[in-house]
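Novice: This structure is in structure tokens; I'll ask about it shortly.
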Amino acid sequence: MRKDIFHIILYLFIYIAILSCSGKKYITEIPYYYSDQYSHKSRNLANDIGSPHSIEGNNPQILDDDVLKIKEKYSIIMEVMPKEITDYRLYSYIDEWLGTPYKKQSLEKQKAVDASYLIQALFSEVYEETFPKTPDGIFRSKMLQLFTGRMFLKEGDIIFFRYDKSHPISDVGLYLHNDRILACTSKGLNIYNFNDEYFQLRFVAAGRLKDKK
């Protein structure tokens, strides 16, 4: 009973902290300043009184500590309930790349990355689908169903942007949850708010993997 009360108080504290932060500042800082404090406390409790994850209802899927950490971290970033974070391979993959500086035609973790190169590598490793490395090449892929309605966006959809007239499809991003997207800007690869004017003015279309027959 005490453990349940402890977890309820902890999550209330987390969400109160979220509401006290401005959205834009919160999204940009969380990937860098996410605290391991709760994770360490959980391990200490496990040593003293048995693993809290073994209690029925706290972790019905019997997820390991690394996955639970990803689930908690990205539920905070996306401002959604933890149960909505289910694609653990996706978030584990992008977690290692957040904060990487932008550099054209590059793919080197924490050193340099191009969004289209990352999307190509991500879909190859996480979803076992192979795309070209260029934004236009991904856009023209027959594996994608293209659409323009922003209200239909779902986790894992590829977003296409146009920056200038000579390049109708100039860049790509990845839709995550709750209007949060993974994208590259001059500040590097990070999770941004899709509603920001910067992205809204440049949005062209989105693409979703077609169902395999």
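Rule-based calculations on the coordinates, nothing more; no lab input. Values in this document were obtained by computation on a predicted structure and should not be read as measured data. Here the Cβ is made from the backbone with ideal geometry for all residues, glycine too, and neighbour counts use every protein chain on show.
Novice: Kindly provide log₁₀ I(q)/I(0) values, in the same order as q = 0.12, 0.14, 0.25 Å⁻¹, from the Debye equation applied to equal alpha-carbon scatterers of region 95-175.
Specialist: Log-scaled intensity ratios, in q order: -0.34, -0.47, -1.37.
Novice: Let me ask something additional. What is the sum of charges around residue 71, taking Lys and Arg as +1, Asp and Glu as -1, for the other residues whose C-beta is under 11 Å from the C-beta of residue 71?
Specialist: For residues surrounding residue 71, the net value is -3.
Novice: Then there is this: Where the centre of each part is set by its Cα atoms, how far does region 65-91 sit from region 157-192, in angstrom?
Specialist: 21 Å
Novice: How far is it, in nm, from the label point at residue 178 to the one at residue 202 when both lie 7 Å from their Cα along the line to the Cβ?
Specialist: The two pseudo-label positions are separated by 2.4 nm.
Novice: Using 26 Å as the Cα-Cα cut-off, could you pick out the over-long pairs in 109/210; 73/154; 133/165?
Specialist: 109/210
Novice: With 19 Å as the limit, write out which pairs from 71/212; 103/187; 142/212 have Cα-Cα distances beyond it, or answer none.
Specialist: Beyond 19 Å: 71/212.
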